[in-house]
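Enquirer: The structure is given below, and queries will be raised subsequently.
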Amino acid sequence: MIKPLFAYGFALATALCLPPAPLPAQVLREITLREAIRLAARQSPEWRLGQLEIEQADRDAALVRAERTPQLFAGSGLGYTDGIPQSIAGAAPSIAQVTAMQPLFDAGRKQRIRQARQLSVAAAHSAEAKRANAVHRAGALYLDMELAARSIELLERQLDHFLRIEDATAARVEEGREIPAALTRARLDGARAAERLRAAQAQFDLLEADLRRRLDLEPDVRLRPVADDSLQPVDLPGDRAEAQRRAVENHPDIAALEARLRAKDFQQKTAARGRYPKLDLVAQYALLAKFNNYDEFFNRFQSHNWQAGISFQVPLFAGKGVAERVAKARLEARGLEIQRKVRQADIELESLRAYENVREAESGTKLARLELDYARENLGVLLAQFEEGRLAIDPVERARVIESAAWRRLYESRYAFAKAKLALLHATGDLIEAFAD
């Protein structure tokens, strides 16, 4: 037992002495709002899932079209017969058998093809709706991340001002010109500012990780927002009516529901054609053997046998199945029509709300600008008094803190305005096109 324990201890000590494996190097990538939206439009997980749904719908349509293609089956019904040869599953015992079938006339096939095409169109519009939602979420997330970065810069300056106030207050307390409670208050203000800075940095990290995931970037990539004027030249609706009109005309959800309604109409026609006859071209070859007693029970035996002809089927009594399938398709179409009307009303309301949010955010930006102008003018007055020796440094630093808070409110109002415009573009269906090349 001594040798194994010694070997284990030696291996453990060696592993502890070895330097840790280097972590993968992080890649810093600067990104703008336009770049984030374009990346989300072409490589977000929602867009890729939508593409798979389109491909699946296209495959379903191809399967319906493939019903017209000839079919060829080969097999064997090899077996021993005692007595008269009997058919099993409609085929006589044979060494080998080949069957061919070619549909000639099926009244419902054309309607099924049209239905499948409309379902493929609906899948394409649904995929576009998912893509637009992913782009909007990525754009809003980018703006939140950029605002968090700006907030960190402002909070760092605020913390610097509070630290200066704390140093000045500590000097006055030491000289006996301030009570100790003033220093405690200054330290509390500094601690609060440091906590706000820490929370802002944590918020930025979470937003950056979320955006990186939505853009499907590598884990070692770190994003740094770079401000641009992407939202300045966008064409926004001039009034409420235009916003609602553009939303209804461009929204892919409406187009998807209308395509599904057309598909249901073709489904009704397909069900109604269940009473129509069917016509198929059939051919068959069979290789027979004497050990199945064909030469004993039939006047003449032949090894190679061929058949070709037309299969004609006329439904004399189809029961209630056809009528029930038609009624079911009609009920489903009525449900889709209700969904379309409800969705259209929702889209009109969303566009109206987005338009009003843009106007409200624009007013908020103007108000925040006035507050900043007042804070800067007040700071200028205090600075003049300080330079003349009529004022201590504390009121000046606190005025700088108020000015910094006013800057932050202005930044927040501007980003709220940008997010409102982004939401309005999304509501009217113009978001992706507005940031296209």
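Enquirer: Tally up the residues in region 337-353 that are buried (at least 16 other Cβ atoms within 10 Å of the Cβ) and over 12 Å from HIS251 (Cβ atoms), please.
Expert: 1
Enquirer: Conditions: (1) assigned to a helix (DSSP H, G or I); (2) among the charged types (D, E, K, R); (3) exposed (fewer than 15 other Cβ atoms within 10 Å of the Cβ). GLU30 meets all but one. Number of the miss?
Expert: Checking GLU30 against (1) assigned to a helix (DSSP H, G or I); (2) among the charged types (D, E, K, R); (3) exposed (fewer than 15 other Cβ atoms within 10 Å of the Cβ), the one that fails is (1).
Enquirer: How many residues are part of a helix (DSSP H, G or I) and in contact (Cβ under 8 Å) with a residue 24 or more places away in the chain if we restrict to region 291-327?
Expert: The number of residues fulfilling the criteria is 8.
Enquirer: Working carefully through the options ASP239, ASP216, find the one that is surrounded by fewer than 14 Cβ atoms within 10 Å (Cβ to Cβ) and not aliphatic (A, V, I, L, M).
Expert: From the options ASP239, ASP216, the qualifying one is ASP239.
Enquirer: Which residues, counting only those in region 76-125, are assigned to a helix (DSSP H, G or I) and under 28 Å from PRO277 (Cα atoms)?
Expert: Result: ARG109, LYS110, GLN111, ARG112, ILE113, ARG114, GLN115, ALA116, ARG117, GLN118, LEU119.
Enquirer: Given the criteria at positive phi and free of Cβ contacts under 8 Å to residues at least 40 places away in the same chain, does GLY380 qualify?
Expert: Against the criterion (at positive phi and free of Cβ contacts under 8 Å to residues at least 40 places away in the same chain), GLY380 does not qualify.
Enquirer: Further question: Taking the options GLU397, GLU360, name whichever one is at pLDDT 85 or above, in a helix (DSSP H, G or I) and among the acidic types (Asp, Glu).
Expert: From the options GLU397, GLU360, the qualifying one is GLU360.
Enquirer: Shifting gears a bit: Note down all Cβ pairs under 9 Å where the first residue falls in region 224-236 and is closer than 22 Å to ASP210 by Cα, the second is modelled with pLDDT of 75 or more and in a strand (DSSP E or B), and they're at least six residues apart or on different chains.
Expert: ARG224/LEU28; ARG224/ARG29; ARG224/GLU30; ARG224/ILE31; PRO225/GLU30; PRO225/ILE31; VAL226/GLU30; VAL226/ILE31
Enquirer: Now for a separate question. With the condition kept exactly as written, say whether any residue in region 215-238 is in contact with an Asp or Glu (Cβ under 8 Å, 6 or more places away or on another chain) and among the polar types (S, T, N, Q).
Expert: No: zero hits.
Enquirer: When you go through HIS136, HIS161 one by one, which is the residue that is within 22 Å of the chain's Cα centre (by Cα) and part of a helix (DSSP H, G or I)?
Expert: The unique qualifying residue is HIS136.
Enquirer: Pick from ALA61, ALA91, ALA96, ALA148: which is within 24 Å of PRO252 (Cα to Cα) and of a type in the set (Gly, Ala, Ser)?
Expert: Result of the check over ALA61, ALA91, ALA96, ALA148: ALA61.
Enquirer: Take the residues in region 295-333 that are surrounded by 12 or more Cβ atoms within 10 Å (Cβ to Cβ) and basic (Lys, Arg), then tell me which one is farthest from ILE95 (Cα to Cα).
Expert: Across region 295-333, the extreme among qualifying residues is ARG330.
Enquirer: Picking from LEU141, LEU163, LEU119, which residue would you name as being surrounded by 17 or more Cβ atoms within 10 Å (Cβ to Cβ), at pLDDT 85 or above and touching a Leu at 6+ places or on another chain (Cβ under 6 Å)?
Expert: The match here is LEU141.
Enquirer: Let me ask something else. Sort through SER404, SER351 and tell me the only one that's farther than 30 Å from HIS426 by Cα, part of a helix (DSSP H, G or I) and either touching a residue at least 40 places away in the same chain (Cβ under 8 Å) or in contact with a strand residue (DSSP E or B) (Cβ under 6 Å, 6 or more places away or on another chain) (or both).
Expert: So the residue among SER404, SER351 that is farther than 30 Å from HIS426 by Cα, part of a helix (DSSP H, G or I) and either touching a residue at least 40 places away in the same chain (Cβ under 8 Å) or in contact with a strand residue (DSSP E or B) (Cβ under 6 Å, 6 or more places away or on another chain) (or both) is SER404.
Enquirer: Let me ask another. If we scan region 241-263, do we find a residue that is under 30 Å from SER311 (Cβ atoms), touching a helix residue (DSSP H, G or I) at 6+ places or on another chain (Cβ under 7 Å) and assigned to a helix (DSSP H, G or I)?
Expert: yes
Enquirer: Please enumerate the residues belonging to region 264-290 that are in contact with a helix residue (DSSP H, G or I) (Cβ under 8 Å, 6 or more places away or on another chain) and in a helix (DSSP H, G or I).
Expert: LYS264, ASP265, PHE266, GLN267, GLN268, LYS269, THR270, ALA271, ALA272, ARG273, GLY274, ARG275
Enquirer: Here's a follow-up. Scan region 328-347 for residues that are closer than 27 Å to TYR276 by Cβ, touching a residue at least 60 places away in the same chain (Cβ under 8 Å) and among the basic types (Lys, Arg) and jot them down.
Expert: ARG330
Enquirer: Oh, and also: Which residue, of ALA200, ALA209, ALA171, is part of a helix (DSSP H, G or I), of a type outside the set (Val, Ile, Thr) and touching a residue at least 12 places away in the same chain (Cβ under 8 Å)?
Expert: Only one candidate passes the filter, namely ALA200.
Enquirer: Moving to a separate point now. For the structure I just gave you, tell me whether ALA420 is over 20 Å from ALA193 (Cα atoms), in a helix (DSSP H, G or I) and of a type outside the set (Val, Ile, Thr).
Expert: yes
The values are calculated or read from the model by the stated rules, or taken from the named source; none is laboratory data. Quick caveat: nothing in here was measured; it's all calculated off a predicted structure. No Cβ is skipped: glycine too gets one built from the backbone with ideal geometry, and neighbour counts run over all protein chains shown.
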